[in-house]
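Enquirer: Pasting a structure below so you can have a look.
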Amino acid sequence: MSVACQRCNQSKATVHITDTVPEKRERHLCEQCAEKEGIIIKQKHVTTNEILQQFIKHKAGMAAGEDLACPKCGMTFREFQTKGTLGCPNDYAAFGSLLNPLIQHAHEGATQHVGKVPPDADSTTQKLTGLLRLRRELQDAVEREDYERAAHVRDRIRIMEEA
Amino acid sequence: MTFDELWKTPGEWLRGDGPMSDVVISSRIRLARNLADQPFLATAAPSDRTEIFRCVTDAITSTPAGADSIVVDVEDADPIDRSLLVERHLISRQHVAAEGARGVTISPDETLAVMINEEDHLRIQGLRSGLQLDNVWSDVNRLDDAIASQIAFAFDKQLGYLTACPTNVGTGIRVSVMLHLPALRLTKEIDRVARAARDLRLAVRGSYGEGTEAVGDLYQISNQTTLGKAEDAIINTFSEMIIPKMVEYERAARQTLAQHHAAQLDDKVWRAYGVLCNARRITSGETQSLLSPIRMGIHLGRFDRFDIAALNDIFLYTQSAHLQKLLGRTLDDDERAAARADYLRKRLG
């Protein structure tokens, strides 16, 4: 026999409980309502996008209170908050101040790219990211007390700076 | 090679060899890339998607690394063929569910694949068996360079490669290693290990990625942070620190089981074999769960009816799309369960 959920009156009740306090009574709930009442705690897999969306809803937009729109693709920051993905590469510049806290939050505080540079990027950019990467490497080597590696990296930095 | 030849043999990642292959099933690296002069897919018009698909496939097939690629139009593909590509880890479930012009280019040995118009314009993927992240990175890096010599990618000197979702910005790299951890699950240490991995800002997921359960004790460990660290630094953390440590824990747990609970272990392995040989109806999930102790049994030298190559073959061809492809017809859930059991009895009988 299937019983409708007493809370939402829509879904089939699959959780059946007997309360003893304050008085003895039987309750029949669906899984969602049981979860809402804190009777069952579901270990739901949370996707990266869900975490991101929760974050942008709670934090990123609050500070500004107003909306921004990208002049290139027309997407607004509010739309991004709902969708979780941006409209075009220019959104990074258009939403800059609103996006930055979110980027830092997602990347352990990092704000600067230190990896690969596309071959067509101009040589100043390549040199800049190359130097940043080497400095990070130098710092890591010093922290690991790998002084031989640190000396090698330091020499590479010197050559690059002089070039 | 054509698509029709592709599915007839397991891909390189299911060869079952490579370093630490007793625990590490496969190593994968994906790079997210977008064309500089096109909108991201959230605002792209159908004609933009078509243009991106055409432009990227042209670029890939005209490079030496991608010249002999198989190009699959996922939008027009048969639903079974799409699922087959998911089972082979060549496209994601999100790519199947996406809309409009989209596709994938696949190298004949399946070690390289480029998903076009998934969440980003390109997801360049390298995949190999065992712990081979350095080789995978060298494949992916080379293909990325070759494509970049023809297409300008969206790039910013501060934020790196610009991606549709800000969680992938920077290197756009996602390193994922698939591990088989049956002993850690049996000894109930898996939660502790998963927690430790999550503390290191790593994601621990089921074998088909985001939102999937760990069926058959297969877990995917991947990085979440893509900005502020160089590709080789991220890769080295996996190959030199995280993965060897997890392999060590799993091996130790297997030894504990073999030394102190040998009878229970053998019972689990051989009982699984018994069910696979005799079932009359079996789901793909149950098949994978039963293959898990057998895989461990083979590596511990406690099971000898077939080897890892045969097990991987069964693992692949009992999945729904492969099974239907093998039988040459579409089957509903009920028919599949019976057909799978028949296939297993013939294979193992």
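The values are calculated or read from the model by the stated rules, or taken from the named source; none is laboratory data. This is a predicted model, so every value here is computed, not measured. Positions of Cβ are generated from backbone atoms using ideal geometry, with glycine treated the same way; all protein chains shown enter the neighbour counts. Please note that ligands, DNA and RNA were not included when accessible areas were found on the heavy atoms of the full protein model with its side chains. Shrake-Rupley method; radii C 1.70, N 1.55, O 1.52, S 1.80 Å.
Enquirer: Say whether the condition of being at pLDDT below 90 and either open to solvent by 90 Å² or more (accessible area, probe 1.4 Å) or among the aromatic types (Phe, Trp, Tyr) (or both) is met by at least one residue in region A:72-92.
Expert: Looking for residues that are at pLDDT below 90 and either open to solvent by 90 Å² or more (accessible area, probe 1.4 Å) or among the aromatic types (Phe, Trp, Tyr) (or both), one finds at least one in region A:72-92, hence yes.
Enquirer: Would you confirm whether any residue within region B:139-152 is within 11 Å of chain A (Cβ to nearest Cβ), open to solvent by less than 10 Å² (accessible area, probe 1.4 Å) and under 30 Å from B:Ile308 (Cα atoms)?
Expert: yes
Enquirer: Taking the residues in region B:199-219 that are away from every other protein chain (no Cβ under 11 Å) and modelled with pLDDT under 90 as candidates, determine which candidate is farthest from B:Thr237 (Cα to Cα). Write out each step before concluding.
Expert: Filtering region B:199-219 down to residues away from every other protein chain (no Cβ under 11 Å) leaves B:199, B:202, B:207-208, B:215-219.
After this cut, where a residue has to be modelled with pLDDT under 90 as well, the list is B:199, B:207-208, B:215.
Details: B:Asp199: 14, B:Ser207: 21, B:Tyr208: 22, B:Val215: 26 Å.
That would be B:Val215.
Enquirer: Looking only at region B:253-271, which residues are within 15 Å of B:Ser289 (Cα to Cα) and either touching a residue at least 24 places away in the same chain (Cβ under 8 Å) or of a type in the set (Val, Ile, Thr) (or both)?
Expert: Once the filter is applied, which keeps residues that are within 15 Å of B:Ser289 (Cα to Cα) and either touching a residue at least 24 places away in the same chain (Cβ under 8 Å) or of a type in the set (Val, Ile, Thr) (or both), region B:253-271 yields B:Leu265, B:Lys268, B:Val269, B:Trp270.
Enquirer: In this structure, is B:Ile80 in a helix (DSSP H, G or I), over 30 Å from B:Arg302 (Cα atoms) and within 14 Å of chain A (Cβ to nearest Cβ)? Break it down stepwise before answering.
Expert: Working: in a helix (DSSP H, G or I): yes; over 30 Å from B:Arg302 (Cα atoms): yes; within 14 Å of chain A (Cβ to nearest Cβ): no.
For B:Ile80, the condition - in a helix (DSSP H, G or I), over 30 Å from B:Arg302 (Cα atoms) and within 14 Å of chain A (Cβ to nearest Cβ) - is not met.
Enquirer: Could you give me the residue pairs with C-beta distances under 8 Å whose first residue belongs to region B:55-66 and is at negative phi, whose second residue is part of a helix (DSSP H, G or I) and open to solvent by 40 Å² or more (accessible area, probe 1.4 Å) wherever it lies, and which are 6+ apart or on separate chains?
Expert: Close Cβ pairs satisfying both conditions: B:Ala65/B:Arg142.
Enquirer: Give me the residue from region B:328-349 that is part of a helix (DSSP H, G or I) and among the small types (Gly, Ala, Ser) and, out of that set, farthest from the chain's Cα centre (by Cα). Spell out the reasoning first.
Expert: Here is the first cut: in region B:328-349, the residues part of a helix (DSSP H, G or I) are B:333-348.
Next cut, among the small types (Gly, Ala, Ser) only: B:337-339, B:341.
Details: B:Ala337: 24, B:Ala338: 27, B:Ala339: 25, B:Ala341: 25 Å.
Taking the candidates together, the pick is B:Ala338.
Matching residues to (1) modelled with pLDDT of 95 or more; (2) outside any helix (DSSP H, G or I); (3) in contact with a helix residue (DSSP H, G or I) (Cβ under 8 Å, 6 or more places away or on another chain):
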| site | (1), (2), (3) |
| --- | --- |
| B:Thr226 | yes, yes, yes |
| B:Thr256 | yes, no, yes |
| B:Asp267 | yes, no, no |
| B:Met296 | yes, no, yes |
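Enquirer: Something else about it: What do you reckon, is B:Ala45 open to solvent by 30 Å² or more (accessible area, probe 1.4 Å) and free of Cβ contacts under 8 Å to residues at least 12 places away in the same chain? Even if it seems obvious, please write down each step before you answer.
Expert: Numbers: open to solvent by 30 Å² or more (accessible area, probe 1.4 Å): yes; free of Cβ contacts under 8 Å to residues at least 12 places away in the same chain: yes.
For B:Ala45, the condition - open to solvent by 30 Å² or more (accessible area, probe 1.4 Å) and free of Cβ contacts under 8 Å to residues at least 12 places away in the same chain - is met.
Enquirer: Also, quick follow-up: Has region B:125-134 got at least one residue that is among the acidic types (Asp, Glu) and at pLDDT 95 or above?
Expert: Quick first cut of region B:125-134, residues among the acidic types (Asp, Glu) only: B:134.
Applying the additional criterion that residues be at pLDDT 95 or above yields B:134.
Yes, region B:125-134 has at least one match.
Enquirer: Now for a different question. Quick one: count up the residues across region B:319-349 that are within 19 Å of B:His89 (Cα to Cα) and open to solvent by 20 Å² or more (accessible area, probe 1.4 Å). Walk me through it before giving the result.
Expert: Step one: list which residues in region B:319-349 are within 19 Å of B:His89 (Cα to Cα), which gives B:319-326.
This time we only want the ones that are open to solvent by 20 Å² or more (accessible area, probe 1.4 Å), so: B:320, B:325-326.
The qualifying residues number 3.
Enquirer: Looking at B:Leu85, B:Leu31, can you tell me which residue is under 24 Å from B:Ser320 (Cβ atoms) and modelled with pLDDT of 95 or more? Explain how you work it out, then say what you get.
Expert: Details: B:Leu31 fails: under 24 Å from B:Ser320 (Cβ atoms).
Exactly one of B:Leu85, B:Leu31 is under 24 Å from B:Ser320 (Cβ atoms) and modelled with pLDDT of 95 or more, namely B:Leu85.
Enquirer: Here is a list: B:Leu316, B:Leu257. Which entry is open to solvent by less than 30 Å² (accessible area, probe 1.4 Å) and under 19 Å from B:Leu14 (Cβ atoms)?
Expert: Working: B:Leu257 fails: under 19 Å from B:Leu14 (Cβ atoms).
Just one listed residue meets the conditions, B:Leu316.
Enquirer: Looking only at region B:312-323, decide whether some residue is of a type in the set (A, V, I, L, M) and within 16 Å of the chain's Cα centre (by Cα). So that I can check it myself, show each step before the final result.
Expert: Quick first cut of region B:312-323, residues of a type in the set (A, V, I, L, M) only: B:314, B:316, B:321, B:323.
Then drop every residue that is not within 16 Å of the chain's Cα centre (by Cα), which leaves B:316, B:321.
The answer is yes, given that some residue of region B:312-323 is of a type in the set (A, V, I, L, M) and within 16 Å of the chain's Cα centre (by Cα).
Enquirer: Do you know which of the residues in region B:233-247 that are farther than 13 Å from B:Ala194 by Cβ and surrounded by 18 or more Cβ atoms within 10 Å (Cβ to Cβ) is farthest from the other protein chains (Cβ to nearest Cβ)?
Expert: Looking at the filtered set, the residue picked out is B:Val247.
Enquirer: Pull up region B:11-55, narrow it to residues that are under 30 Å from B:Leu300 (Cα atoms) and among the polar types (S, T, N, Q), then point me to the one that is farthest from the other protein chains (Cβ to nearest Cβ).
Expert: Let us first name the residues in region B:11-55 that are under 30 Å from B:Leu300 (Cα atoms), namely B:11-29.
Those still in the list that are among the polar types (S, T, N, Q) too: B:21, B:26-27.
Values: B:Ser21: 27, B:Ser26: 21, B:Ser27: 19 Å.
Per the criteria, the residue is B:Ser21.
Enquirer: Moving on to the next point. Could you check, for region B:16-31, whether at least one of its residues is out of contact with any Gly (no Cβ under 7 Å at 6 or more places or on another chain), among the β-branched types (Val, Ile, Thr) and assigned to a strand (DSSP E or B)?
Expert: Looking for residues that are out of contact with any Gly (no Cβ under 7 Å at 6 or more places or on another chain), among the β-branched types (Val, Ile, Thr) and assigned to a strand (DSSP E or B), one finds at least one in region B:16-31, hence yes.
Enquirer: Is it true that B:Asp58 is part of a loop (DSSP other than H, G, I, E, B), of a type in the set (D, E, K, R) and open to solvent by 40 Å² or more (accessible area, probe 1.4 Å)? Talk me through it step by step, then tell me what you get.
Expert: Numbers: part of a loop (DSSP other than H, G, I, E, B): no; of a type in the set (D, E, K, R): yes; open to solvent by 40 Å² or more (accessible area, probe 1.4 Å): yes.
Here the answer is no, as B:Asp58 does not meet what is asked.
Enquirer: How many of the residues in region A:1-35 are among the β-branched types (Val, Ile, Thr) and open to solvent by 50 Å² or more (accessible area, probe 1.4 Å)? Break it down into steps so the answer makes sense when it comes.
Expert: Applying the first criterion (among the β-branched types (Val, Ile, Thr)) to region A:1-35 yields A:3, A:14-15, A:17-18, A:20-21.
Next, from what is left, pick out any that are open to solvent by 50 Å² or more (accessible area, probe 1.4 Å): A:14, A:18, A:20-21.
Total meeting the criteria: 4.
Enquirer: Applying the selection to region B:148-174, what residues are of a type outside the set (Ser, Thr, Tyr) and more than 23 Å from A:Leu86 (Cα to Cα)?
Expert: As a first pass, look at region B:148-174 and keep what is of a type outside the set (Ser, Thr, Tyr): B:148, B:150-160, B:162, B:164-166, B:168-170, B:172-174.
Hit for region B:148-174 is B:Gln150, nothing else.
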